[in-house]
Amino acid sequence: MLKPDGYTFIFVAINLIILFLFMRKFLFKPITNLMEERKSSIEQGLKDAENAKLEAAEARKKYDEQTKNIKLDGDKLMNEARAKATREYDEILASAKRDALAVVEKGREEVEREREEMLRQTKQQIAVLAIAAATKLVQANMDTDANKAMVDKFIDEAGAI
Amino acid sequence: MGEKLTHAMESHTAFIINLFGFKIPVSDLVVTMWIIMAIMIVLAIFLTRKLSLIPNKRQNIAEIIVEFINNMVKDAIPHHWKAFAPYLGTVMLFLVLANTVSIFNIIPGGEEGFKLRPPTRNINVTICLAVMSICVVIYAGIRYKGVGGWIKSFVKPTPVMLPFNILDYLIKPTSLALRLFGNILGAFIVMELIYMALPIFAPALLSCYFDLFDGILQAYVFMFLTSIYISEALE
């Protein structure tokens with residue numbers, strides 16, 4: 001127990017070195033490496049998850065912005081279309097009114113013209129009738145110039161009525 | 001009784017190797033150590049078979065042991081723990097088994113024939129362990145500070161400390177060796193006496209303290225002090 005024993009000393013030293021090499025190769029190195037690998041893989045995973053989250057948030061923001069823009073554009077287009085439609089409607093209405101007025105005007109002119117024509121014809125016929133009547137009435141002396149002038153005057157007066 | 005006790009305490013030549021005419025006696029301490037080594041290596045290989053990132057039961061056990069040792073070494077040697085954890089862990093695991101090996105006897109007590117007795121009850125074994133530890137301490141100093149830096153560390157903090165620093169390298173292994181040897185031998189003798197006096201029931205309870213607690217504590221202390229010495233050498 002207390003006796004110096006060189007053989008035992010050397011054996012223990014050799015044994016310890018062999019044991020150390022074995023344990024390092026089979027237990028400590030692989031397990032430590034594995035745990036570090038696991039740690040780094042977990043860290044990587046967490047980082048990836050964080051990145052994915054950030055990316056998703058960014059994408060969502062972008063998407064929201066796009067939606068807003070689309071809505072704004074849509075509103076703008078709608079307003080424009082509405083304004084255009086209103087303008088066109090007004091235009092159409094105005095032109096229709098104008099056309100109607102023109103038609104009415106034309107109609108009135110036509111009527112006026114026809115009336116005048118009728119009047120003129122009537123005047124002529126009345127003149128003929130008057131002459132005929134006067135001829136019949138006065139028989140003989142009606143072909144004189146004085147009489148004819150009298151008849152014309154009568155017709156003019158009749159036409160003025 | 002005294003003879004029986006002395007017989008249990010002393011180491012004996014188990015067999016003799018005949019190597020090129022040299023007769024090398026192999027003591028039963030070395031045979032016990034080989035048994036412990038075999039168990040450790042087989043267990044290490046068995047527990048680390050088919051390692052994967054998602055551990056199974058066997059791997060979990062290995063990871064708990066390695067992580068426990070790594071964390072302890074990390075506390076003492078924060079930067080270079082990776083270089084020293086395997087050695088310190090080996091020594092600790094070996095000492096845990098070596099100090100408590102006597103509880104694995106099928107029939108406990110000081111009987112005749114080959115018995116599993118702690119090899120650390122012999123001073124040659126503990127001195128060897130302590131010298132190996134101090135070699136690692138010196139290796140640490142030279143490896144991480146260079147030969148010049150290591151020699152300079154003898155005259156720090158002042159040159160007056162030179163003899164004490166040199167003595168340090170003698171006192172450290174001596175104290176390591178004697179602490180382990182004394183504790184284990186003391187516990188071993190007490191247990192042997194208990195086996196002789198009260199062979200039934202009492203040993204089971206007391207063995208928990210003298211074999212298990214004391215053995216594991218001394219293994220931890222040995223490893224802890226070695227790691228402290230290494231971190232001192234690295235400063």
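The values are calculated or read from the model by the stated rules, or taken from the named source; none is laboratory data. All values derive from a computational prediction rather than experimental measurement. Virtual Cβ from ideal backbone geometry, glycine too; neighbours counted across all protein chains shown. These accessible areas exclude ligands, DNA and RNA; they are computed on the full protein's heavy atoms, side chains included. Shrake-Rupley method; radii C 1.70, N 1.55, O 1.52, S 1.80 Å.
Selection of first residues in the stretch A:9-23 that are closer than 8 Å to B:C128 by Cβ and of second residues that are surrounded by 16 or more Cβ atoms within 10 Å (Cβ to Cβ), restricted to Cβ pairs under 6 Å at least 6 apart or on distinct chains, gives the following pairs, ordered by first then second residue: A:F9/B:N124; A:F9/B:C128; A:V12/B:V125; A:V12/B:C128; A:A13/B:C128; A:L16/B:M132.
Of all residues assigned to the stretch B:122-132, none qualifies as being away from every other protein chain (no Cβ under 11 Å), surrounded by 15 or more Cβ atoms within 10 Å (Cβ to Cβ), under 22 Å from B:I230 (Cβ atoms) and of a type outside the set (A, V, I, L, M).
Where helices (runs of 4 or more DSSP H) sit wholly within the stretch B:19-136, those with at least 1 residues that are under 29 Å from B:K4 (Cα atoms) occupy B:28-47, B:81-100.
Might you let me know whether the stretch B:188-209 holds any residue that is open to solvent by less than 60 Å² (accessible area, probe 1.4 Å) and charged (D, E, K, R)? Looking for residues that are open to solvent by less than 60 Å² (accessible area, probe 1.4 Å) and charged (D, E, K, R), one finds at least one in the stretch B:188-209, hence yes. From the residues in the stretch B:9-19 that are closer than 12 Å to B:R117 by Cβ and either within 10 Å of chain A (Cβ to nearest Cβ) or of a type in the set (S, T, N, Q) (or both), which one is surrounded by the fewest Cβ atoms within 10 Å (Cβ to Cβ)? Among residues in the stretch B:9-19 that are closer than 12 Å to B:R117 by Cβ and either within 10 Å of chain A (Cβ to nearest Cβ) or of a type in the set (S, T, N, Q) (or both), the one surrounded by the fewest Cβ atoms within 10 Å (Cβ to Cβ) is B:E10. The residue that is farthest from B:F188 (Cα to Cα), among those in the stretch A:1-21 that are facing chain B (nearest Cβ under 7 Å) and open to solvent by 80 Å² or more (accessible area, probe 1.4 Å), is A:Y7. Within the stretch B:20-47, residues that are at negative phi and more than 7 Å from chain A (Cβ to nearest Cβ) have Cβ atoms under 6 Å from residues that are open to solvent by 70 Å² or more (accessible area, probe 1.4 Å) and in a helix (DSSP H, G or I) in these pairs: B:L47/B:I61, counting only partners at least 6 apart in sequence or on another chain.
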